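No lab work stands behind these numbers, since they all come straight from the coordinates. Everything numeric in this text was worked out from a predicted model, so none of it was measured. Glycine also receives a Cβ, built like all others from the backbone with ideal geometry; neighbour counts cover every protein chain displayed.
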Amino acid sequence: MYDDVVVLGEKDVQDLIELEALCFAYHWTREQFLLGLSRKAFVVLGIRDRAVLSGYIAFSMIEDEMEILNIAVRPQYRRRGLAAKLLAKSLAACEEHHITKSFLDVKISNEPALSLYRKFGYKKIGVRKKYYPDTKEDALLFRYDFPTKD
Ligand SMILES: CC(C)(COP(=O)(O)OP(=O)(O)OC[C@H]1O[C@@H](n2cnc3c(N)ncnc32)[C@H](O)[C@@H]1OP(=O)(O)O)[C@@H](O)C(=O)NCCC(=O)NCCS
């Protein structure tokens, strides 16, 4: 089901920063990606269409918590289920690492992302006023609890 989702690494950083620049006004730099990957501070998964990186997700895992740091899909590849596939694969990978809960923040105006996260069962747990440096928008904080295994 997730055959086309691959783990990305340092060799993919140029493609990642190009995709980020297309999708975000305020985006990660090459150095941030390289540092995070070299320190294993986060995991990056992606989907390619031949040579084109069409979408990616970055998340961290610390003890039993996962945080979604970013997710983006190239504009012409949107609404085809790529973000859903990347998120589902990430959650499945986290379950194998005994992660119990997931957190993220999202701009209050980002309807596509809000809808995506709600669809996966994330619930709003708080607001950070004027959180984002680029737009001074509020951040909504979301949490997802992984299903418990008996
Ligand atoms: C948010 C984003 C990653 C969604 O990617 P996508 O591949 O188009 O999403 P999918 O096709 O997998 O859609 C999955 C669900 O997300 C929601 N969704 C996606 N795009 C949507 C839109 N334009 N309007 C409303 N809901 C949307 C829907 O719930 C959808 O489920 P459905 O198809 O059953 O309705 C993409 O719009 C994007 O890259 N946006 C810019 C970057 C960004 O804002 N990232 C989020 C940072 S928090």
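Structure above, values below:
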read-out	value
Qualifying trypsin sites (Lys or Arg not before Pro) for segment 14-80 [loop in DSSP, other Cβ within 10 Å: at most 16]	Arg39, Lys40, Arg50, Arg78, Arg79, Arg80
Pairwise label distance in nanometres, Glu67 with Asp138, each label 7 Å out on the Cα-Cβ vector	2.2
Cross-link partners of Lys129 among lysines (Cα-Cα below 23 Å; sequence separation of 8 or more within a chain)	Lys107
For segment 17-73 versus segment 125-140, the gap between their alpha-carbon centres in whole angstrom	21
Local electrostatic count at Arg48 - Lys and Arg +1, Asp and Glu -1, tallied over other residues with Cβ under 10 Å	-3
All lysines inside 22 Å of Lys101 as judged from Cα atoms, apart from same-chain residues fewer than 8 positions distant	Lys40, Lys85, Lys89, Lys119, Lys123, Lys124, Lys149
Nearby aspartates and glutamates by direct alpha-carbon distance to Lys136 (threshold 19 angstrom, same-chain neighbours under 8 apart not counted)	Asp105, Glu111
Amide H within-cut-off set for Ser54, under 5 Å, with H built and near neighbours excluded	Ile47, Arg48, Asp49
Where labels lie 7 Å past Cα in the beta-carbon direction, separation of Asp145 and Lys130 in nm	3.5
The chain - charge dipole about Cα centre, Lys and Arg +1 at Cβ, Asp and Glu -1, debye rounded to 20	520
Where GluC sites (Glu not before Pro) fall in DSSP loop in segment 41-73, at most 14 other Cβ within 10 Å	Glu63
Debye intensity ratio in log₁₀ form over the Cα atoms of the chain, taken at each q of 0.08, 0.19 Å⁻¹	-0.21, -1.33
Mean separation of Cα contacts under 8 Å (6+ apart) over length of segment 16-115, as relative contact order %	23
